[in-house]
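The values are calculated or read from the model by the stated rules, or taken from the named source; none is laboratory data. What you see is a predicted model; the values in this text were computed from it and never measured. As a convention, Cβ positions derive from the backbone with ideal geometry for all residues, glycine included, and neighbour counts pool all protein chains shown.
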Amino acid sequence: MTSSAAHRPIWLLFILAGSLLLAACKKEPPVSVVNTPLPPPAEVVSDSALKILVVEDGLYRLSQQDLADAGLNLDQLDGQQLALSLRGEPIPYLIEDNAIIFYATASDSRYSRINPYILRTGEAGMMMDNVATPTGGATITAVRQSQTVENNWLYEQRAAETTMEDGSRPDTWFWQRVANVGNSAVVDFTLELPAIAEDSAELNLNLWGLTHIADIENDHDFDLLVNGEKVETVKFDGQIFFTSATEIPAALLKEGSNTFTIDNSVAGNAPLDQFMFNSAALTFSAQTKAVDHRLTFGDTEGNITIEQLGKSPVVLDISNPLQPQRIENVTVDGDAVTFGVAAETRIAAAGGDGFLQAAAVVPLIDSDLRETTQQADLLIVTTRALAPELDPLITARMTQGLSVKVAFIDEIYDEFSDGAVTPDAIQAFVTYAYNSWRAPAPKYLFLVGDTTTDMLGNGATRPENPVSPPTNLIPSPIVDVSHAGETVADARLVDVDGDLKPDL
């Protein structure tokens, strides 16, 4: 359990609430902790809206039967009656062969790996535009593709203090610590590659300097090897985020498994050299063949034939992934497609079983949280699994004269963040209740559940000393603080006027 603010009245309330709850439940079995959320009861499940949960970039296809299986029964798929959106913004889609087809992007949130797309009935949707591409250019025999490999196994709070040139939030999760002493001086990772064309590749390593010796220039240096061959000595300086750019001759790469080595065991500029390895990305030229009936590429100009794409192919211009366009002048010949590609265009193509499947398709939850006739002195945010244990506390508070509203975290997500798992949804709910419900406005917020800095469960994926994330999670805002990197800050959830001070 976490408190919502750090000033005395709220702490007193939470201490008393916790004591009362423990006393009331002392003779009962301990609260069960579940690994998956309890499903909402049928009476609050929407029959007119679905959440399509995706975990990776790509073309997705949902048939009318898929929608029916998830609880959305339609006589037909009609673009005038189906609206697709992400965080409230319309997403264009196609209707083909009794299915909807759309391009989706993976989540970039630190709170969830899932990106929820919302499909609603009774609203006109945004149908995908067609676009013609130039023809008559040179024949393309290879396309530029990229692969990224990343594991988030180590949390480094201090990295949050780094100022990024582009203003983005610094990453605080890393793959491995690399030191020039000890058993972490050499790190290997592998990439599975398709048949490589003759053009050279580029490898980008994302690193963060852990140590810094002010009077030594480039106090980080290591050798980079590809399949056992040294390619470059990479150098950088200080406690900064650094992205290397190393040209890799095509002759060093092969179809199948390729091993890349970061070797910090060789003598370098600094007596102590430690840095964090974050991720690696390889950009390379490959043959114009689909892999698993799909292909994504860019930075190519001319006419291209993609082989092995499969039946009923769809080719999109995803230069703006939130507003993709269908390329209309595509020639289909069996399982191959031919079309023109303009410079600086990014293409996603899929056919047959190359369309991705959603991680889950579930009904949206209907809630009463936006009904303005409500009033509550005490807001309780919790999970459906923990809520029954709160009955003694709720009774006690009501006996003391407080009005109480229990809001389940899943309905808060669906109502205030379009299904996205984020503490912003809680803050939006509290702000709405404070400003829009009947007076008097809420005075207290009680969060019942666990929180963590590892909402993605990164610690559970590492091979050594895995740590499972808490269950029954109520996410806390993670904010930057001076001289400490970052920390959780529940008080932000009750800041309803944006002055960074609690209002409840």
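Just to be sure before I move on: is SER312 small (Gly, Ala, Ser) and closer than 30 Å to GLY209 by Cα in the structure I sent?
no
May I ask you to verify whether ALA142 is hydrophobic (A, V, I, L, M, F, W, C) and within 30 Å of LEU82 (Cβ to Cβ)?
Against the criterion (hydrophobic (A, V, I, L, M, F, W, C) and within 30 Å of LEU82 (Cβ to Cβ)), ALA142 does not qualify.
Considering only segment 105-136, how many residues are hydrophobic (A, V, I, L, M, F, W, C) and touching a residue at least 60 places away in the same chain (Cβ under 8 Å)?
Residues flagged as hydrophobic (A, V, I, L, M, F, W, C) and touching a residue at least 60 places away in the same chain (Cβ under 8 Å) within segment 105-136 amount to 6.
Cβ-Cβ below 8 Å, separation at least six or inter-chain, first residue in segment 461-472 and farther than 14 Å from ASN152 by Cβ, second surrounded by 12 or more Cβ atoms within 10 Å (Cβ to Cβ) and among the charged types (D, E, K, R): which pairs?
Hits for this filter: PRO470/ASP450; THR471/ASP450; ASN472/ASP450.
Which of the residues belonging to segment 327-367 are under 28 Å from the mean Cα position of the chain (by Cα) and not aliphatic (A, V, I, L, M)?
GLU344, THR345, ARG346, GLY351, GLY352, ASP353, GLY354, PHE355, GLN357, PRO363, ASP366, SER367
List the residue pairs whose Cβ atoms are under 7 Å apart, where the first residue sits in segment 81-93 and is on the phi > 0 side of the Ramachandran plot, the second is modelled with pLDDT of 95 or more and assigned to a loop (DSSP other than H, G, I, E, B), and the two are 6 or more positions apart or on different chains.
If the second residue must be modelled with pLDDT of 95 or more and assigned to a loop (DSSP other than H, G, I, E, B), the pairs left are ARG87/ASP418; ARG87/ALA420; GLY88/ASP418.
How do the pairs read when you match residues in segment 398-417 that are on the phi > 0 side of the Ramachandran plot with residues anywhere that are in a helix (DSSP H, G or I) and crowded, with 22+ Cβ neighbours inside 10 Å, using Cβ under 7 Å and keeping only pairs 6 or more apart or on different chains?
Pairs that qualify, where the first residue is on the phi > 0 side of the Ramachandran plot and the partner is in a helix (DSSP H, G or I) and crowded, with 22+ Cβ neighbours inside 10 Å: there are none.
I'm trying to understand the selection: among the residues of segment 346-371, which are crowded, with 19+ Cβ neighbours inside 10 Å and not hydrophobic (A, V, I, L, M, F, W, C)?
GLY351, GLY354, PRO363, SER367, listed by residue number.
When the residues of segment 446-504 are filtered to those that are out of contact with any helix residue (DSSP H, G or I) (no Cβ under 7 Å at 6 or more places or on another chain) and part of a strand (DSSP E or B), which remaining residue is surrounded by the fewest Cβ atoms within 10 Å (Cβ to Cβ)?
VAL481
What residue, of ILE380, ILE409, ILE394, is over 19 Å from the mean Cα position of the chain (by Cα), modelled with pLDDT of 95 or more, within 26 Å of THR453 (Cα to Cα) and not small (Gly, Ala, Ser)?
Exactly one of ILE380, ILE409, ILE394 is over 19 Å from the mean Cα position of the chain (by Cα), modelled with pLDDT of 95 or more, within 26 Å of THR453 (Cα to Cα) and not small (Gly, Ala, Ser), namely ILE380.
Among (1) within 19 Å of ASP57 (Cβ to Cβ); (2) surrounded by 15 or more Cβ atoms within 10 Å (Cβ to Cβ); (3) out of contact with any Leu (no Cβ under 6 Å at 6 or more places or on another chain), which single condition is THR148 missing?
(2)
Taking ASN303, is it in a loop (DSSP other than H, G, I, E, B) and either surrounded by fewer than 19 Cβ atoms within 10 Å (Cβ to Cβ) or assigned by TED's automatic domain parsing to the domain that holds ARG346 (or both)?
No.
Within segment 379-430, which residues are buried (at least 20 other Cβ atoms within 10 Å of the Cβ) and of a type in the set (Gly, Ala, Ser)?
If the condition is that a residue be buried (at least 20 other Cβ atoms within 10 Å of the Cβ) and of a type in the set (Gly, Ala, Ser), then ALA407, SER417, GLY419, ALA420, ALA425 are the ones that fit.
Show me the strands (runs of 3 or more DSSP E) entirely contained within segment 133-214 in which 2 or more residues are outside the structural domain of THR487 (by TED's automatic domain parsing) and over 30 Å from GLY302 (Cα atoms).
Output list reads 176-179, 186-193, 201-209.
I need the full set of residues from segment 290-333 which are among the basic types (Lys, Arg), farther than 12 Å from VAL131 by Cα and touching a residue at least 60 places away in the same chain (Cβ under 8 Å), in order please.
Once the filter is applied, which keeps residues that are among the basic types (Lys, Arg), farther than 12 Å from VAL131 by Cα and touching a residue at least 60 places away in the same chain (Cβ under 8 Å), segment 290-333 yields only ARG294.
Please determine whether any residue of segment 446-457 is closer than 20 Å to ARG113 by Cβ and among the small types (Gly, Ala, Ser).
Looking for residues that are closer than 20 Å to ARG113 by Cβ and among the small types (Gly, Ala, Ser), one finds at least one in segment 446-457, hence yes.
Exactly one condition in (1) surrounded by fewer than 19 Cβ atoms within 10 Å (Cβ to Cβ); (2) touching a strand residue (DSSP E or B) at 6+ places or on another chain (Cβ under 7 Å) is not met by TYR93; state its number.
(1)
Restricting attention to segment 407-433, which residues are out of contact with any strand residue (DSSP E or B) (no Cβ under 9 Å at 6 or more places or on another chain) and either among the acidic types (Asp, Glu) or not in a loop (DSSP other than H, G, I, E, B) (or both)?
Answer for segment 407-433, where residues must be out of contact with any strand residue (DSSP E or B) (no Cβ under 9 Å at 6 or more places or on another chain) and either among the acidic types (Asp, Glu) or not in a loop (DSSP other than H, G, I, E, B) (or both): PHE416, ASP424, ALA425, GLN427, ALA428, THR431, TYR432.
Of these, PHE241, PHE222, which one is touching a residue at least 12 places away in the same chain (Cβ under 8 Å) and within 30 Å of the chain's Cα centre (by Cα)?
PHE241
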